[in-house]
């Protein structure tokens, strides 16, 4: 969907200041514990999706991006902690710079800004499974074969997929039931109309012919009127 050209991190998580030139290529971050590897992943997830998965979700207690996203020395000034990324969007053939601050994670700033570019980032915000923690990966690797499908759903933040599928199936069943009742009502109305108009089928030509052709009673009444019988008003000729 997008390729990252560069990433700038300032007072974010355990990183004071760092700029990486990625040049739209795949990259790996390696180094000893405590050197900021996870911080780089957090920064990339934050600027693209507006969240940090390691600080959200079940078992995270009172952790939050706004309170714990900034460097420990800048937790009192989260507006100064930010992440910028210059990204290329292949579908738009356009390069934009995205910027988010810890104080306002949802306030995405794009340069240049456009509805099309924002639509791309909204998709990322709706599916922030671009970052997987070490714990999540290990859980998948160690899972029993029969459990892996559920673990994949959890990894991709699709825990409620089965619930959604069940709800959609109920809606589909209700719609099919309504359709069948509607067809039955239509057919019954057609039979009643054909009987009332004394026609074999309720096709448009037969309905028009029956509606425009006078009945035998109408013809007899018309002949009586022409021969001097009592008219509808009771006046004799």
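The peptide list 31-39, 4-12, 184-192, put in order of mean Cβ contacts within 10 Å with the highest first, becomes 4-12, 31-39, 184-192. Each peptide in 146-154, 78-86 receives the mean, over its residues, of other Cβ atoms within 10 Å, and ordering these scores from highest gives 78-86, 146-154.
Between the beta carbons of residue 185 and residue 212, assuming R0 = 35 Å, the FRET efficiency works out to 0.80 to the nearest 0.05.
Here, each number is a calculation from the coordinates, and none is a lab measurement. Only a predicted model underlies this, so the values are computations on that prediction, with no experimental measurement involved. Quick reminder, even Gly has a Cβ in these numbers, built from the backbone with ideal geometry, and neighbours come from all protein chains shown.
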